[in-house]
Amino acid sequence: MEFLHEDERIFAVDENGGLLAEVTFPVTDGVANINHTFVDPSLRGQGIAGQLMKLAAEQIKTNGLRALPTCSYAIKWFAEHK
């Protein structure tokens with residue numbers, strides 16, 4: 001799966017442009033609030049959300065920001081991946 005990167009979002013779409021997966025992390029005052037993670041039900045259980053979180057964490061770190069996980073999946077993922 002190919003993930004597309006924007007400043008505050010990483011996502012994947014199908015061949016018709018439909019959303020398959022995404023993580024959003026709006027930035028305020030140097031803090032990236034990881035507030036939403038979505039994976040289409042047809043793709044769940046394949047590790048897609050974990051891949052999104054890893055990419056988001058890397059992008060946030062590369063940009064010198066601090067991560068603030070607020071969505072339930074992000075909170076769980078960060079607790080398991082210091």
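Restricting attention to segment 11-22, does a residue exist that is within 15 Å of Ala67 (Cα to Cα), touching a residue at least 12 places away in the same chain (Cβ under 8 Å) and assigned to a strand (DSSP E or B)?
no
Looking at segment 70-77, is at least one residue at negative phi, in a strand (DSSP E or B) and modelled with pLDDT of 95 or more?
We begin by selecting, within segment 70-77, every residue at negative phi; these are 70-77.
The next check asks that each one be in a strand (DSSP E or B); those that pass are none.
No: zero hits.
Quick check on my filter: what residues within segment 23-42 are closer than 12 Å to Leu65 by Cα and free of Cβ contacts under 8 Å to residues at least 40 places away in the same chain? Steps first, please.
Taking segment 23-42 first, the residues closer than 12 Å to Leu65 by Cα are 25-34.
Within segment 23-42, Pro26, Val27, Thr28, Asp29, Gly30, Val31, Ala32, Asn33 meet the criteria.
Mind checking which residues of segment 1-10 are more than 24 Å from Arg66 (Cβ to Cβ) and without any contact (Cβ under 8 Å) to a residue 24 or more places away in the chain?
Taking segment 1-10 as the starting set, the residues that turn out to be more than 24 Å from Arg66 (Cβ to Cβ) are 1-2.
The one that is more than 24 Å from Arg66 (Cβ to Cβ) and without any contact (Cβ under 8 Å) to a residue 24 or more places away in the chain: Glu2.
Specify which of the listed residues (Leu20, Leu4) is of a type in the set (A, V, I, L, M), over 10 Å from the mean Cα position of the chain (by Cα), farther than 22 Å from Ile75 by Cβ and exposed (fewer than 12 other Cβ atoms within 10 Å of the Cβ).
Working: Leu20 fails: exposed (fewer than 12 other Cβ atoms within 10 Å of the Cβ).
None of the others qualify; the one that does is Leu4.
Just the residues that are farther than 18 Å from His81 by Cα and in a helix (DSSP H, G or I), please, taken from segment 23-59.
Pro41, Ser42, Leu43
Of all residues in segment 60-69, which are exposed (fewer than 14 other Cβ atoms within 10 Å of the Cβ), part of a helix (DSSP H, G or I) and not charged (D, E, K, R)? Don't jump to the end; show me each part of the working.
As a first pass, look at segment 60-69 and keep what is exposed (fewer than 14 other Cβ atoms within 10 Å of the Cβ): 61-64, 66.
Restricting the remaining residues to those that are part of a helix (DSSP H, G or I) gives 61-62.
Passing the criteria: only Thr62.
The values are calculated or read from the model by the stated rules, or taken from the named source; none is laboratory data. In this text the structure is predicted, and so the values were computed from the model without any measurement. Heads up, the Cβs are rebuilt from the backbone with ideal geometry, glycines too, and the neighbour counts pull from every protein chain shown.
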